[in-house]
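Enquirer: Okay, handing you the structure first.
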Amino acid sequence: GPKVLQIPSHQIIDMGQMVTLNCDPVSNHLYFYWYKQILGQQMEFLVNFYNGKVMEKSKLFKDQFSVERPDGSYFTLKIQPTALEDSAVYFCASSFSGAETLYFGSGTRLTVL
Amino acid sequence: GDQVEQSPSALSLHEGTGSALRCNFTTTMRAVQWFQQNSRGSLINLFYLASGTKENGRLKSTFNSKESYSTLHIRDAQLEDSGTYFCAAEAWGYGSSGNKLIFGIGTLLSVKP
């Protein structure tokens, strides 16, 4: 099936530093999402993005978080500065329309020390 | 409160047997997706339903939006079916702003020889 690629699969970073998580969504998809999962627990919605804009964000999407997809390249999640509680697995997802199957990447495990 | 209530939280099956997972929704949902999260953490799409029943191999899923629940039936369980199964539902009202999935807590399925 369609593949969403996430780079890197693991990232270890010191608290306070900046990190960028990269997502290569399915090629013809128009809607992009980030989700956060802590320790194999429930997946929590962070943000969705369409037509170059954030459409909706949750309360987990702190001011230190930002997303962009410059010129159709990677869809990125940037955290600046990072905090210990940002340690989690971050999943990117994409869909063609806003009302059909979401396809998820395999996640980036972020560890903040 | 939680909008997606998933049960059971854990399930143990012997190979060749079957069971059902269930998600109840506390608000009307537009569609539901089911995922298997494997040992590497990847989310595998199983089903997307806006209504009715779908079947794929040994898996069958039903979504009853009127009665606010969805089920996932597994028959003839195999060792490779082990993993965590998540339901995730879309609430009404998102439309062109993109579907935001609300996840259940997951069911940890263990299939034993």
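The values are calculated or read from the model by the stated rules, or taken from the named source; none is laboratory data. Note that this is a predicted model, so its numbers are computed, not measured. FYI the Cβ positions are ideal-geometry reconstructions off the backbone, even for glycines, and counts take in every protein chain you see. Heads up: the accessible areas ignore ligands, DNA and RNA and are worked out on the full protein's heavy atoms, side chains in. Shrake-Rupley method; radii C 1.70, N 1.55, O 1.52, S 1.80 Å.
Enquirer: May I ask you to verify whether A:ILE38 is open to solvent by 20 Å² or more (accessible area, probe 1.4 Å) and of a type in the set (Val, Ile, Thr)?
Expert: Working: open to solvent by 20 Å² or more (accessible area, probe 1.4 Å): yes; of a type in the set (Val, Ile, Thr): yes.
Spelling it out, A:ILE38 is indeed open to solvent by 20 Å² or more (accessible area, probe 1.4 Å) and of a type in the set (Val, Ile, Thr).
Enquirer: Can you tell me which residues in segment A:41-61 are more than 7 Å from chain B (Cβ to nearest Cβ), in a strand (DSSP E or B) and over 19 Å from B:ALA89 (Cα atoms)?
Expert: Answer for segment A:41-61, where residues must be more than 7 Å from chain B (Cβ to nearest Cβ), in a strand (DSSP E or B) and over 19 Å from B:ALA89 (Cα atoms): A:LYS53, A:VAL54.
Enquirer: Give just the number: which of (1) surrounded by fewer than 16 Cβ atoms within 10 Å (Cβ to Cβ); (2) within 14 Å of chain A (Cβ to nearest Cβ) does B:VAL4 not satisfy?
Expert: Every condition holds for B:VAL4 apart from (1).
Enquirer: Next up: Can you name the residue in segment B:27-49 that is within 12 Å of the chain's Cα centre (by Cα) and without any contact (Cβ under 8 Å) to a residue 40 or more places away in the chain and is also most open to solvent (accessible area, probe 1.4 Å) among such residues?
Expert: Going through the qualifying residues, I end up with B:ILE44.
Enquirer: Determine, yes or no, whether B:GLU80 is open to solvent by 50 Å² or more (accessible area, probe 1.4 Å), over 19 Å from A:GLN42 (Cβ atoms) and not in a helix (DSSP H, G or I). Spell out how you get there, then give the answer.
Expert: Values: open to solvent by 50 Å² or more (accessible area, probe 1.4 Å): yes; over 19 Å from A:GLN42 (Cβ atoms): yes; not in a helix (DSSP H, G or I): no.
Considered against the rule, which asks whether it is open to solvent by 50 Å² or more (accessible area, probe 1.4 Å), over 19 Å from A:GLN42 (Cβ atoms) and not in a helix (DSSP H, G or I), B:GLU80 comes out as no.
Enquirer: Exactly one of (1) in contact with a Phe, Trp or Tyr (Cβ under 6 Å, 6 or more places away or on another chain); (2) within 8 Å of chain B (Cβ to nearest Cβ) is unmet by A:ARG69. Its number?
Expert: (2)
Enquirer: Give segment B:65-79 a look and list any residue that's over 11 Å from the mean Cα position of the chain (by Cα) and of a type in the set (S, T, N, Q), or say none.
Expert: B:SER65, B:SER68, B:GLN78 - these are the residues of segment B:65-79 that are over 11 Å from the mean Cα position of the chain (by Cα) and of a type in the set (S, T, N, Q).
Enquirer: Please enumerate the residues belonging to segment A:73-88 that are assigned to a helix (DSSP H, G or I) and either within 13 Å of chain B (Cβ to nearest Cβ) or open to solvent by less than 50 Å² (accessible area, probe 1.4 Å) (or both). Show your work before the answer.
Expert: First pass over segment A:73-88, keeping only residues assigned to a helix (DSSP H, G or I): A:84-86.
Across segment A:73-88, the qualifying residue is only A:ASP86.
Enquirer: Checking B:HIS73 against (1) in contact with a Cys (Cβ under 9 Å, 6 or more places away or on another chain); (2) over 18 Å from A:PHE104 (Cβ atoms), only one condition comes out false. Which one?
Expert: (1)
Enquirer: Now for a separate question. Residues to consider are B:SER12, B:SER70; find the one that is under 29 Å from A:PHE61 (Cβ atoms), small (Gly, Ala, Ser), part of a strand (DSSP E or B) and away from every other protein chain (no Cβ under 14 Å). Give the derivation first.
Expert: Working: B:SER12 fails: under 29 Å from A:PHE61 (Cβ atoms).
Of B:SER12, B:SER70, the one residue that is under 29 Å from A:PHE61 (Cβ atoms), small (Gly, Ala, Ser), part of a strand (DSSP E or B) and away from every other protein chain (no Cβ under 14 Å) is B:SER70.
Enquirer: Does segment A:1-35 hold any residues that are part of a strand (DSSP E or B), open to solvent by 40 Å² or more (accessible area, probe 1.4 Å), of a type in the set (A, V, I, L, M) and within 15 Å of A:PHE75 (Cα to Cα), and which are they? Steps first, please.
Expert: Taking segment A:1-35 first, the residues part of a strand (DSSP E or B) are A:5-7, A:10-13, A:19-24, A:31-35.
Then drop every residue that is not open to solvent by 40 Å² or more (accessible area, probe 1.4 Å), which leaves A:5, A:7, A:10-12, A:20, A:24.
Within this subset, residues satisfying the condition of being of a type in the set (A, V, I, L, M) are A:5, A:7, A:12.
A:LEU5, A:ILE7 - these are the residues of segment A:1-35 that are part of a strand (DSSP E or B), open to solvent by 40 Å² or more (accessible area, probe 1.4 Å), of a type in the set (A, V, I, L, M) and within 15 Å of A:PHE75 (Cα to Cα).
Enquirer: Out of the residues in segment A:89-113 that are within 16 Å of B:PHE86 (Cβ to Cβ), of a type outside the set (Ser, Thr, Tyr) and open to solvent by 10 Å² or more (accessible area, probe 1.4 Å), state the one that is farthest from the other protein chains (Cβ to nearest Cβ).
Expert: My answer is A:VAL89.
Enquirer: Let me ask something else about it. Quick test for you: out of A:GLN17, A:GLN64, A:GLN37, A:GLN6, pick the one residue that is under 18 Å from A:GLY105 (Cα atoms) and either more than 10 Å from the chain's Cα centre (by Cα) or more than 11 Å from every other protein chain (Cβ to nearest Cβ) (or both).
Expert: Numbers: A:GLN17 fails: under 18 Å from A:GLY105 (Cα atoms); A:GLN64 fails: under 18 Å from A:GLY105 (Cα atoms); A:GLN6 fails: either more than 10 Å from the chain's Cα centre (by Cα) or more than 11 Å from every other protein chain (Cβ to nearest Cβ) (or both).
Just a single option satisfies the conditions, and that option is A:GLN37.
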